[in-house]
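Asker: So that we are looking at the same thing, I have put the structure below in C-alpha cells.
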Amino acid sequence: MDYPQRNRAIIIISLLAIIAGIIGMMNWIYQIPALKSIAHNFTAMSFNAALCFVLFGGTLLITQYQTGKYNNLFFFILSLLGTMIGLITLSQDLFHYNSGFDQFFVTDKTKPSYNYPFPGRMAFNASVNFLLLGLGFLLLTPKKPLANILAQCFFNVVTILSAIALLGYLYGVSFFRVLLYKTSMPTHTAVLFFVISIAASLLNPSIGVTRLFTGKRVGNQMAKRLYTLMIFMVIIVGSLSISTQRFQLFSSLDIGVSVLAVGFLLVSLLLIWNTANWLNKIDERRSEAEAEVKRMNAGLEKMVEERSTELLNLLVQFQKSEEKYRSLIEQASDAIYMLDMKGNFTDVNDNMCKTTDYSRDELLQLNIEAIIDPEELKTDPLPNGLNNQWGSVIRERRFMRKDGFVFTVEINAKKFSDDRIMVIARDISDRKQMETELRDAELKFRTMADKSIVGVYMVQKGKFTYVNRRFAEVFGYEPEEMMNTFAVETVIDGSYRDIATEHVRRRMVGEVESVHYEAMGKRKNGATNWVEFYGNRAIIGNEPTIIGSMIDITKRKKAEEELRSSEQKYKLLFDSNPLPLWMIAKDDLTIIAVNDAAANLYGYSKDELLHMSVTALRPKEDLERQLEGYERDVSTSTDMGIARHLKKDGTIMFVQLIVHDIIFEGRPVRLSLTNDITEKLKAEESLRKSEANLQTILNTTDTAYALFDLDLKVLAFNQRAKEFVKEQYNHRPEKGDLLADYFPAERFPKLINDIMEVLNGNNINFEVDYPQEDGSTLWYYVRLFPITNDNKEILGVLMALYDITERKNAEQDLKSAYERIQGHINSIKNMAWKQSHLIRSPLANLKGLTSMLKDNPANAKVLEFIENELDRMDTIIIEMAEDASDHEFGD
C-alpha cells in the first residue's frame, strides 16, 4: 500500500493501543487484579482482545514509517492475524460452538455465568469490531479506489459501534453495550475501538465522513468545531443524567426530564454563542480584506492614469525614434526585412536587396519561402509556431539569390505585438567556410589524438581541458574524469610535484615556450609510474594554454634500472668469476677486458693482457684455425670445442672454449670463457685406459657380472653374463631390460626378498641350480651386494654369478666314495663279528677239552702251552669283537 504523510495523532493512538494491549496481556499472564479494568465495576479486557489491540496498533504504526524493506509484508501479516482472531471468535458466537480458542493463550479461571457463559471470550460486538478493522486494513493492501472506499466504510462502522457502546455506558443503557448478546464490551475496549477506527480513517482522509472533518475550508472547520462541541455536550448531559439517577436529585421523572431539557437548551445556547462568535470573526476578517482590495484598486487606477500619461509621452518619443529607426535600418550593414504572419515581405532595406539581388518591389511581391533553399524547406520547413513566439529566434538558414546561388545566413527573428515579424539576416558564408575548415582541422586533431598511442593533453587555468584516451589510461582514469575536474599536479607524485608545477607556471607566464622533462606520475589507485612530458605554450580563447604530449616511460625506466643493475651484476660476475673470462674485439682481435682468473691462469698481469692480441695465446700452427673461428658469427652461447693455449712461460694447456658474440660500445665483441681441462683430459685418458683394462678383465673372467638400478633395469653386463642369460633364459640382454621380463616367475619372489636385503645395505650369497635338457644340472654361486656413492647412498645392485658345477660334481663324487667306503667298513664289521663268534665256538670246545685233559694230563708241559695259547687267542678274539663293536656304535 502507499503510506500517507506521517500523522502524529496516528502514531500516538497506535502506541496507546499497543501499551493498553500489553497491559491487558500482562494482567492475564501475571494475574494482577489492579490491571483488570481501568475503572471500578468495569468489565475486564480479555487476553485475545488485548492481543488484537497490540496487532492492530502495530499495523497502524507501520503505516507511519517507510524505511523498512518488509513493511508491506508485516502490515499484511499483522492485519491478517487480527482478522483471524476476530473471525474465529465471531463464528463461535454465531454458530454456537466452543473451539477452545478463547483459552488458547491463557486460562480464564472465572466460573461461567449467565452474563459470562464462556470465560476468556471477548464480547460479541468486540469481535465484530476486530473483524471489521482487520478487513479494513487488508483492503488497504491493494492499490484500488473501490477497496479504499470499502475499508473507510468498515472503519466508520467501527467508530459508530464503539460510540454506541460508549453512549450505553454514559447513559446507563445496557442494550447499547451488549447489542445482540449478553456479554458487554469493556469501556476501555470501546474507547480504544473509537480512537483506533478514527486513526485508521485518517489513512485516507479524502474518503467518506472523514473528509468532512479534515478539509481546510470554512465548512470543514465549522463541522469539526460543531461536532466536537456536540460530543462534549452529549458527555455533559450523560454525566448529568447518571448523577441524577445515582444521587436521586429529583423526586419525579418529569422534573428530571425538565431539568435535562433546560440543561440541553443551555448547552445548545453556549454552542450557538461560540459558533456565532467564530463566524463573526471570520466575517470581520472578510470585511477587512474587501476594504484592503478597494484600497488596492484605487491605487491601481491612479497608477494606470500615470502610466497612460507616460505611454502618450513614449508614443511621441517612439514616432521620433521610428524615423531614426528607419534611417538606421536603411543604413545597416545587415539585411533587414519585415514579414506578416503569412510570411510575405512587408518591408526590406537596401542591404537585403543587395544580398538577394532582388529589387525592393520584387521582394515586396514575394513570400519568404521564395528566397529559401527548396532542399532545406523539404527537411526543415518554416515553423508554424512562430505565431505564439514573442521572444527572439536566432538560427541559420540557406538563402537562394535571384540567380539560384545558395548561401548561408544567420537570422534573428522577433515577433511584434502588431503581428509583424522583423528579421535581421547576416551573410555568414565566409564564417561557415572557416567553421567548416576549423571543424575539419579539429576533427583531424581529435582523430589523431584519440587514436594516438601517445598521450595528448591541453591545460588551461591549472586544469586539463582535454586529454585523449591514452593519456587517461596511463593514469588509470577515464577521459571525462580528468577534464575540468582537478588540478594538473594531482597526477604527479609528491616528490616531483614542485618541479611539474614550476614548469607549468613558467610556460603560463611566458618565461619559456616549450619544455621537455621526466617526472614520476601518480595513478588513480595510488600507484606510481614514470612519464615524459613535451609541452608548448599557446593562446586559445585569449587564455594561456599548454598543448603537449606525454609518453609512459615506466617500462623504459624499469629497463634502464635493470640495465644498470645488470651491468653491475655483469661486472661483479665477470671480475669475480673463478673461470677465465675474456672480451676480444672481433675487428682487430685485441683483448679489451679480462678477469683475474684469466690473468692468474695464463701467468700474465691484467695490464699485460689488455695490450696483447689474442693470437699470442695460441701456438703458431693453430693460428689459421683461430682466425677461422673468429670469422664465424655466434649469436648464442656456443661450445667451440677444445683448443691449445700458451701460458706466459710457453706451457701448452688444453682449454674448452665457450663463446658468445655481443655488441659492446658499438663494436662487435666476442665474450669468451676458457676452461683449463688439461688435467681433466689426462684423467679421462687414464680413466679410459682403466676402463679398457677393467672391461678386458670382465670379458675374460669366468664370472658373470650384471649391474641393475633401483628399478632392476639392466645398466651394464659383461660377456659371461650375456652368455649366461642366453643359455639359461634364451634371451639376448640389452641395456634397459627389466630383470622381471625374463627371470623365472617361481624364483622371482625369493630374488626380490634378497634384493631388498641388499638395498638395505647387506650382502647376500647363495647357490642356485639350473637343470639342463640332457638331464644334467649346472650350479652357480650367486653374490648380491649394493652399489653406493661417496655419500653412502645406494644407487643399484651388482650381481655376480660363478659356475661351481665342477666343484658341486666333485663334492657329489666324494660323497658317493665316502658312502661306498662306509659300506665296506660295515661289511668288514659284520664279517669280523661273524668270525669272532665262529672262532669262539671251537675255542670253547678246546677249552672244555683242556679241562678234561686237566683231570688226566698226559703231558703237563704241553698242556700248559696249549692253555696259554688258547688264552691268548681268546683275548685277541675278544679285542677284535670289542673293536668291531666300537666301530658299529661309532657310526
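The values are calculated or read from the model by the stated rules, or taken from the named source; none is laboratory data. Small disclaimer: the values here were computed from a predicted structure and weren't measured. Cβ coordinates were reconstructed from backbone atoms using ideal geometry, including for glycine residues, and neighbour counts include every protein chain displayed. Each accessible area value is taken on the protein alone, full model and side chains, heavy atoms only, with ligands, DNA and RNA left out. Shrake-Rupley method; radii C 1.70, N 1.55, O 1.52, S 1.80 Å.
Asker: So for the stretch 400-417 (the condition being under 56 Å from the mean Cα position of the chain (by Cα) and modelled with pLDDT under 90), does at least one residue qualify?
Answerer: No; the residues of the stretch 400-417 include none that is under 56 Å from the mean Cα position of the chain (by Cα) and modelled with pLDDT under 90.
Asker: So which pairs qualify, if the first residue must be in the stretch 14-28 and hydroxyl-bearing (S, T, Y), the second must be at pLDDT below 85, the Cβ gap must be under 8 Å, and the two must be at least 6 apart or on different chains?
Answerer: Sorted first by the residue in the stretch 14-28, then by its partner, the pairs are S14/Q64.
Asker: Kindly list, by first and then second residue, each pair from a residue in the stretch 359-380 that is at negative phi to a residue that is assigned to a helix (DSSP H, G or I) and open to solvent by 50 Å² or more (accessible area, probe 1.4 Å), limited to pairs with Cβ atoms under 7 Å and residues at least 6 apart or on different chains.
Answerer: Taking only residues 6 or more apart or on different chains, the pairs are L377/E369.
Asker: Given the structure, is L715 under 22 Å from G796 (Cα atoms), assigned to a strand (DSSP E or B) and open to solvent by 60 Å² or more (accessible area, probe 1.4 Å)?
Answerer: yes
Asker: Still on this structure, please answer the following. Among the residues of the stretch 739-753, how many are under 19 Å from I794 (Cβ atoms) and open to solvent by 40 Å² or more (accessible area, probe 1.4 Å)?
Answerer: Final tally of qualifying residues: 2.
Asker: Among the residues of the stretch 390-417, write down those that are closer than 19 Å to K432 by Cα, surrounded by 15 or more Cβ atoms within 10 Å (Cβ to Cβ) and of a type in the set (K, R).
Answerer: Within the stretch 390-417, R397, R398 meet the criteria.
Asker: For K558, all conditions in the list (1) in a helix (DSSP H, G or I); (2) more than 60 Å from the chain's Cα centre (by Cα) hold save one; what is the number of the exception?
Answerer: Evaluating K558 over (1) in a helix (DSSP H, G or I); (2) more than 60 Å from the chain's Cα centre (by Cα) leaves (2) as the failure.
Asker: While we're looking at this one, here's another question. So, in the stretch 418-431, exactly how many residues are among the acidic types (D, E), touching a residue at least 24 places away in the same chain (Cβ under 8 Å) and either assigned to a helix (DSSP H, G or I) or surrounded by fewer than 17 Cβ atoms within 10 Å (Cβ to Cβ) (or both)?
Answerer: 1
Asker: Here's another thing I want to ask about it. What single numbered condition from (1) over 18 Å from A519 (Cβ atoms); (2) surrounded by fewer than 20 Cβ atoms within 10 Å (Cβ to Cβ) fails to hold for E489?
Answerer: With respect to (1) over 18 Å from A519 (Cβ atoms); (2) surrounded by fewer than 20 Cβ atoms within 10 Å (Cβ to Cβ), E489 is out only on (1).
Asker: Here is a list of conditions, (1) buried (at least 18 other Cβ atoms within 10 Å of the Cβ); (2) within 51 Å of the chain's Cα centre (by Cα); (3) modelled with pLDDT under 90; (4) part of a helix (DSSP H, G or I), and T83 meets all of them except one; can you say which number that is?
Answerer: Against the list (1) buried (at least 18 other Cβ atoms within 10 Å of the Cβ); (2) within 51 Å of the chain's Cα centre (by Cα); (3) modelled with pLDDT under 90; (4) part of a helix (DSSP H, G or I), T83 comes up short only on (3).
Asker: Still on this structure, please answer the following. State which residue pairs qualify: first residue closer than 17 Å to L94 by Cβ and inside the stretch 122-144, second residue of a type in the set (K, R) and open to solvent by less than 10 Å² (accessible area, probe 1.4 Å) in any location, beta carbons under 8 Å apart, and separation of 6 or more residues or different chains.
Answerer: none
Asker: Moving on. Do you know which residues across the stretch 754-768 are surrounded by 11 or more Cβ atoms within 10 Å (Cβ to Cβ) and either over 22 Å from D702 (Cβ atoms) or touching a residue at least 24 places away in the same chain (Cβ under 8 Å) (or both)?
Answerer: Listed by number, the residues that qualify are D754, I755, M756, E757, V758, L759, G761, N762, E767.
Asker: Being under 21 Å from N765 (Cβ atoms), among the basic types (K, R) and either out of contact with any Cys (no Cβ under 7 Å at 6 or more places or on another chain) or not in a loop (DSSP other than H, G, I, E, B) (or both) narrows it down to one of R732, R720, so name that one.
Answerer: Selected residue: R720, the only one of R732, R720 that is under 21 Å from N765 (Cβ atoms), among the basic types (K, R) and either out of contact with any Cys (no Cβ under 7 Å at 6 or more places or on another chain) or not in a loop (DSSP other than H, G, I, E, B) (or both).
Asker: Still on this structure, please answer the following. Of the residues A34, A44, only one is at pLDDT below 75, touching a helix residue (DSSP H, G or I) at 6+ places or on another chain (Cβ under 9 Å) and open to solvent by 40 Å² or more (accessible area, probe 1.4 Å); which? If you could, list the steps in order and put the result at the bottom.
Answerer: Values: A44 fails: open to solvent by 40 Å² or more (accessible area, probe 1.4 Å).
From the options A34, A44, the qualifying one is A34.
Asker: Shifting gears a bit: Give me the residue from the stretch 788-798 that is within 18 Å of L738 (Cα to Cα) and of a type in the set (A, V, I, L, M, F, W, C) and, out of that set, surrounded by the most Cβ atoms within 10 Å (Cβ to Cβ). Spell out the reasoning first.
Answerer: To start, the set of residues in the stretch 788-798 that are within 18 Å of L738 (Cα to Cα) comprises 795-798.
Next, only the ones that are of a type in the set (A, V, I, L, M, F, W, C) stay: 795, 797-798.
Details: L795: 12, V797: 22, L798: 16.
Filtering first and then ranking leaves V797.
Asker: Has the stretch 148-167 got any residue that is at pLDDT below 75, within 21 Å of A50 (Cβ to Cβ), open to solvent by less than 60 Å² (accessible area, probe 1.4 Å) and touching a Lys or Arg at 6+ places or on another chain (Cβ under 8 Å)?
Answerer: no
Asker: For the stretch 597-624, how many residues meet the condition of being in a helix (DSSP H, G or I), open to solvent by less than 20 Å² (accessible area, probe 1.4 Å) and more than 17 Å from L673 (Cα to Cα)?
Answerer: Counting residues in the stretch 597-624 that are in a helix (DSSP H, G or I), open to solvent by less than 20 Å² (accessible area, probe 1.4 Å) and more than 17 Å from L673 (Cα to Cα) gives 0.
Asker: Sticking with this structure for a sec: Quick test of your reading of the structure: I546 fulfils all but one of (1) open to solvent by 20 Å² or more (accessible area, probe 1.4 Å); (2) within 30 Å of Y457 (Cβ to Cβ); (3) modelled with pLDDT of 90 or more; (4) not polar (S, T, N, Q). Name the failing condition by number.
Answerer: (1)
Asker: I'm trying to understand the selection: among the residues of the stretch 513-526, which are in contact with a strand residue (DSSP E or B) (Cβ under 9 Å, 6 or more places away or on another chain), over 18 Å from K463 (Cβ atoms) and open to solvent by 30 Å² or more (accessible area, probe 1.4 Å)?
Answerer: E513, S514, H516, E518, M520, R523
Asker: Could you please find all residues in the stretch 755-814 being more than 16 Å from L715 (Cβ to Cβ) and either β-branched (V, I, T) or touching a Gly at 6+ places or on another chain (Cβ under 7 Å) (or both)?
Answerer: I764, V768, T777, V782, I804, T805
Asker: While we're looking at this one, here's another question. Which of the residues belonging to the stretch 578-596 are surrounded by fewer than 18 Cβ atoms within 10 Å (Cβ to Cβ) and without any contact (Cβ under 8 Å) to a residue 24 or more places away in the chain?
Answerer: Of everything in the stretch 578-596, those that are surrounded by fewer than 18 Cβ atoms within 10 Å (Cβ to Cβ) and without any contact (Cβ under 8 Å) to a residue 24 or more places away in the chain turn out to be P578, D596.
Asker: Name the residue that is surrounded by the most Cβ atoms within 10 Å (Cβ to Cβ), counting only residues in the stretch 637-681 that are free of Cβ contacts under 8 Å to residues at least 24 places away in the same chain and not in a strand (DSSP E or B).
Answerer: K680
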